[in-house]
Every structure is written in C-alpha cells, then in structure tokens.
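Step one of this worksheet: look at the structure below.
The values are calculated or read from the model by the stated rules, or taken from the named source; none is laboratory data. Every value quoted in this text rests on a predicted model; they were computed, and no experiment measured them. Note: ideal-geometry Cβ built from the backbone for every residue, glycine included; neighbour counts use all protein chains shown.
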C-alpha cells in the first residue's frame, strides 16, 4: 500500500509519525540510546534483515536523526551517532515506556528502567501540566486551533 | 514481511509499539481525542480505506483502547469511545507533538495547540525529571537493568 506523505501536514503529530516511518525507527533509536553504534550492533540486537536495516539507517541519516562518524578505534566502518534531534526522541520513548508499563504489564515488571545517570535512581513520571506547572489529567486537556499571530 | 510479535517482550517500549501496530492507530486515537466517534467520522478525517479502518478499529476494541457504545442519538451504528487505557495515550501523543513542533517546523507554526480545557491556555512542556522533580536533560538519563525484587 502506498503511504500518503504527511510531511507537510499542519499537525505536528502527523509530521512526527511521517518522519519516524515505522516502529523500526524507534527500536533503532532505542538501541542507540542503549549504546549501539555500529551496523553490526544494531543488526545483532534487532535481528533485522541487513538490507532493511541499511535502508532505514540511510534514511535516518538523511532525516538528521543520526550522523555518521569514523569509528573511534579506527577501522573501515563508520559509526552511527544520534544527533540532538535524535536524542530528543528520548522523551517520546519515555512516554511509550510509561504507557507500556502502566497498561501492558500484568503483575510482572519490565526488565529495564530509566534512571538518572548521576544518581542511578529511577526518573520521575512524565506528567501533563498547565502553563504554570500544575499537574493535569489526560481528560483536562484538549486540542484547539492556534490563533494566527498569537 | 511477517512482523515478529513483541507483545511478550521484556521491554515496555517494544510492547507498546507492538500493541499500537502502526501509525494509523495513533492517528485514529488523535481523531478520537478531537471528538470523532462514528466510523464515518474517522473515515472522513483520515481518508483511510473502509476495510483497513474497519480491521483497525476492531483490533483496537480487542486491545481495550476503544469500547463500542450505542449512538447517543439512537440509530443503528455504534460509536467508538476511548477507554482509560486509550485516553492515556494522550501523553504519548503530546510527546510526539512536542518533538514534531521542536524539530519539524521551520518558521511556520503548527495549526493546533494542546490547551488546558478549563483555561484555554497552552499546556506546559513535557519534561524529564528526577524522582524528586528536578528537570533532567535527555542526556542525563540512561537505561538500567531492573534489580529483581527492588
């Protein structure tokens, strides 16, 4: 099925989803956040076919999520490093993680946890808030049209 | 390509992505958050083929994201209402929206904005925080294995 491009959509959610392409992109970002740098790291961790992984990494470089750098230890192969734009997906990943933990685990616990690197303590829950920082429930929020010029 | 099921994965991100299936699920949730209830609402807004939309809604009901209720005005067709589990995707959507606004809009503004319903004011930015509420940058956070029993 040919996918409609949403890259010019006025809705930022649609644009984000268009840019991210499919779930593999976020799973590749997850591995990068866990320290994967080389093609073979990603391939081993994700078990993704080489041609698909290759095309996906190429697209992610083109979209500015990864930049390629020479391997630190030398060697012929470049490494893939997340750009700032790629790193900022951490918040999206954290939101997906929290939703999964809250809704898709029954009894058991997830095997990993997001921690503050400096202290090793689990991070706080993500929370919708008002402009001035009051916590808001998900049903206290709605989508409004932006008034031009505001 | 046959997709590997990640529904039993220990990683909550993988489980979430498996449950959400593909981007259409989140775009359907977006329309529901904007007030769509009837099959024809979703179909009109998303321009998705009827058979694909129908299969997707059925799956979303099976996964507990939507519940079907009789239409308020009567009539033969049921309406689709987000469950609490579905509503909690609001936070994931807010994270995707914020990432899109920060990274995929150049100059222009997105056409819509998330507001606190009661005040009509834009909500605050989502922010990673420590356990005790200090703001954390995306590079101050890492993934750790959970120690069983902790």
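Just give me the residues in segment B:117-149 being within 7 Å of chain A (Cβ to nearest Cβ), within 12 Å of residue A:123 (Cβ to Cβ) and part of a loop (DSSP other than H, G, I, E, B), in sequence order. Scanning segment B:117-149 gives B:128, B:130, B:131, B:133, B:136.
Taking the criterion of being facing chain A (nearest Cβ under 9 Å) and either part of a loop (DSSP other than H, G, I, E, B) or closer than 29 Å to residue A:109 by Cα (or both), the residues of segment B:42-52 that qualify are B:47, B:49. When residue A:94 is tested against (1) surrounded by fewer than 18 Cβ atoms within 10 Å (Cβ to Cβ); (2) within 19 Å of residue B:6 (Cα to Cα); (3) out of contact with any helix residue (DSSP H, G or I) (no Cβ under 7 Å at 6 or more places or on another chain), only condition (1) is not met. One residue stands out among those in segment B:126-140 that are at pLDDT below 95 and in contact with a helix residue (DSSP H, G or I) (Cβ under 7 Å, 6 or more places away or on another chain): the one that is farthest from residue B:102 (Cα to Cα), which is B:139. Scanning segment A:6-41 for residues that are over 30 Å from residue B:112 (Cα atoms), within 15 Å of the chain's Cα centre (by Cα) and not in a loop (DSSP other than H, G, I, E, B) yields a total of 3. For residues in segment A:76-91 being touching a residue at least 24 places away in the same chain (Cβ under 8 Å) and surrounded by fewer than 17 Cβ atoms within 10 Å (Cβ to Cβ), which is nearest to the chain's Cα centre (by Cα)? Out of the qualifying residues, it is A:81.
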